[in-house]
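Worksheet for the structure shown next.
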Amino acid sequence: EAGVVQSPRYKIIEKKQPVAFWCNPISGHNTLYWYRQNLGQGPELLIRYENEEAVDDSQLPKDRFSAERLKGVDSTLKIQPAELGDSAVYLCASSPGTGSFSYEQYFGPGTRLTVT
Amino acid sequence: AQSVTQLGSHVSVSEGALVLLRCNYSSSVPPYLFWYVQYPNQGLQLLLKYTSAATLVKGINGFEAEFKKSETSFHLTKPSAHMSDAAEYFCAVSGPYGGATNKLIFGTGTLLAVQP
């Protein structure tokens, strides 16, 4: 079974430029998460989708961040414009979304963003 | 509100020695607790989870953790460290309910070094 796929793995951009990250969850997983992991910290949730619906985006900086999951499968996270403080690893995770197994989140390898 | 505290950002052990990584939690609802491992440049992998069944939980790679409600702890142990255990370990807490409490709150991580 293929795991969570993310691309690109690394991205270096100048501040004020836009950037987008893509995630394809495990097949059949209804719930998709985007996390940001700053250096030396644990991941922090940015947004959670149940199918196409964003059910928790309270931690997403909506002035510059946006996300979509149009068909309830893969998802894109965008930053426009990027700031120096956005340098971090952006992790995507998915879970089956039902019953106790919904708490098992499977993580992708992440995208390491460096803003210069 | 929920939170976890990982005592010791860096732990170093000798190969073959006991591994003990500490995690204390705070939760206003019965918690679900998790340990994840992150190898360099990779995403997080679930080691084990506590979801209100047996208090001693066995995971992959010989790790186990014990839920102690009286001490609000969920420490991770392994009897004999192996070089391949060198990685960063994250403790996380979640609520047992669906909806908004189905959110993983991570600790800041403990970097485990294994000396030959």
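The values are calculated or read from the model by the stated rules, or taken from the named source; none is laboratory data. Source: prediction; values computed, not measured. All Cβ positions, even for glycine, are placed from backbone atoms using ideal geometry, and neighbour counts span all protein chains on display. When the accessible area is computed, the model is the full protein with side chains, heavy atoms only, and any ligands, DNA or RNA have been set aside. Shrake-Rupley method; radii C 1.70, N 1.55, O 1.52, S 1.80 Å.
What to note about this one:
- Candidates B:Lys78, B:Lys69 - the one that is basic (Lys, Arg) and either open to solvent by less than 10 Å² (accessible area, probe 1.4 Å) or free of Cβ contacts under 8 Å to residues at least 24 places away in the same chain (or both): B:Lys69
- Test: residue in the stretch A:84-102 that is assigned to a strand (DSSP E or B) and away from chain B (no Cβ under 14 Å): no
- Meets criteria (closer than 15 Å to B:Val93 by Cα, hydrophobic (A, V, I, L, M, F, W, C) and outside any strand (DSSP E or B)) for B:Val29: yes
- The set of residues in the stretch B:67-106 that are at pLDDT 95 or above and within 9 Å of chain A (Cβ to nearest Cβ) comprises B:Phe90, B:Cys91.
- Exactly one residue out of B:Leu56, B:Leu48 is more than 9 Å from every other protein chain (Cβ to nearest Cβ) and touching an Asp or Glu at 6+ places or on another chain (Cβ under 6 Å), and it is B:Leu56.
Residue-by-condition table, conditions (1) farther than 30 Å from B:Ala87 by Cβ; (2) open to solvent by less than 80 Å² (accessible area, probe 1.4 Å); (3) in contact with a strand residue (DSSP E or B) (Cβ under 8 Å, 6 or more places away or on another chain); (4) at pLDDT 95 or above:
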| residue | (1), (2), (3), (4) |
| --- | --- |
| A:Val19 | no, yes, yes, yes |
| A:Trp34 | no, yes, yes, yes |
| A:Glu50 | yes, yes, yes, no |
| A:Ile79 | no, yes, yes, yes |
| A:Tyr106 | no, no, yes, no |
| A:Leu113 | no, yes, yes, yes |
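- When the stretch B:27-45 is limited to residues that are more than 10 Å from chain A (Cβ to nearest Cβ) and within 13 Å of B:Phe63 (Cα to Cα), the one that is surrounded by the most Cβ atoms within 10 Å (Cβ to Cβ) turns out to be B:Trp35.
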